[in-house]
Amino acid sequence: MLTLLFDGIAYGMLLFVLSLGLAVTMGLMNFINLAHGAFAMAGGYILVLLMQRAGWPFLACLPVAFLLTAAFGALLERTIYRPMYAKPHLDQVLFSIGLTFMAVAAVDYFMGSSQQNITLPDWLRVRFEFGSGALTLGMGAYRLFIVVVCVVLALALQAVLTQTRFGSRLRAAVDDPRVAAGLGIPVNRVFLLTFATGSGLAGLGGALGADLFGLDPTFPLKYMVYFLIVCAVGGTSSILGPLVAALVLGIADVMGKYYVPKLGAFIVYLLMIAILLWRPQGLFSRGGGK
């Protein structure tokens with residue numbers, strides 16, 4: 001039981017990091033980017049290429065996956081995303097879904113459709129066990145590493161958004177871009193950095209989860225729904241909402257697949273429906289449930 005709980009927490013923390021960039025662009029930039037999973041896939045393939053073809057160590061690949069994906073996100077924001085900010089949400093959805101299918105086709109053409117295998121370092125394949133009997137807690141070093149990294153990222157991002165000048169500038173730019181620009185805030189630069197950071201976080205999540213989730217060209221399509229569920233259930237007005245939602249959904253998914261395997265992911269969708277009926281605007285959105 002405790003082992004399943006820990007695995008669910010690790011799974012949920014990884015979902016949180018993967019969904020965090022989408023929550024930032026939706027909640028802080030008011031832009032619906034359904035191509036978010038493509039950036040996560042890019043981070044995973046950067047890890048694969050660096051490890052398998054360049055012989056880089058696992059830890060060295062993670063910051064590179066973040067930086068390269070962030071740079072790619074900044075390039076796309078400057079060229080094709082920025083004109084879409086003022087468009088209706090339906091246009092944004094169709095635009096980003098089209099980008100997702102283009103990314104899937106491009107990766108399938110250049111990398112092939114087969115599942116990518118990741119060889120983790122030996123120290124991440126160690127397993128620890130505590131207790132005995134029904135209270136046995138089994139902890140894989142890889143999952144423990146994911147939990148630690150995700151907690152650090154959550155705390156750092158919360159601090160940046162709530163306690164720094166950049167965070168206050170971002171909130172002002174979202175509330176009223178014209179007034180913010182009149183006050184001397186470089187709105188375009190703020191949005192560029194925010195979008196790049198969200199893309200980089202997706203790439204880092206894709207690299208971290210390449211072994212746990214598996215990696216193939218259909219990755220953005222398989223996990224797009226999960227990212228949206230985390231944002232919808234947790235709300236996008238804070239970091240805490242997606243974090244709690246990801247943990248709840250991760251634990252429910254692991255527990256449901258173990259105890260009721262025939263239902264599969266149905267448990268997650270049932271939980272999502274129940275929560276949204278109770279609080280339609282998400283668990284931590286202002287005014288939710290009214």
task: Could you tell me which of the residues M29, M51 is over 11 Å from the mean Cα position of the chain (by Cα), within 17 Å of P121 (Cα to Cα) and in contact (Cβ under 8 Å) with a residue 60 or more places away in the chain?
output: M51
message: If I filter region 203-225 for residues that are among the hydroxyl-bearing types (S, T, Y) and in a helix (DSSP H, G or I), do I get at least one hit?
response: yes
query: Given the residues V233, V187, V174, which is the only one that is surrounded by 15 or more Cβ atoms within 10 Å (Cβ to Cβ), within 30 Å of L67 (Cα to Cα), among the aliphatic types (A, V, I, L, M) and touching a residue at least 60 places away in the same chain (Cβ under 8 Å)?
result: V174
message: With the requirement that a residue be among the aliphatic types (A, V, I, L, M), over 17 Å from V17 (Cβ atoms) and over 14 Å from the mean Cα position of the chain (by Cα), what does region 180-228 give you?
response: A180, A181, L183, I185, V187, V190, L192, L193
field: Output for region 1-34, where each listed residue is modelled with pLDDT of 90 or more and in contact with a Pro (Cβ under 7 Å, 6 or more places away or on another chain)
entry: F16
message: Any residue at all in region 112-120 that's in contact (Cβ under 8 Å) with a residue 60 or more places away in the chain, in a helix (DSSP H, G or I) and surrounded by fewer than 18 Cβ atoms within 10 Å (Cβ to Cβ)?
response: no
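The values are calculated or read from the model by the stated rules, or taken from the named source; none is laboratory data. All of these numbers come straight from a predicted model, not from anything done at the bench. Every residue, glycine as well, gets a Cβ built from its backbone with ideal geometry; the counts of neighbours run over all protein chains shown.
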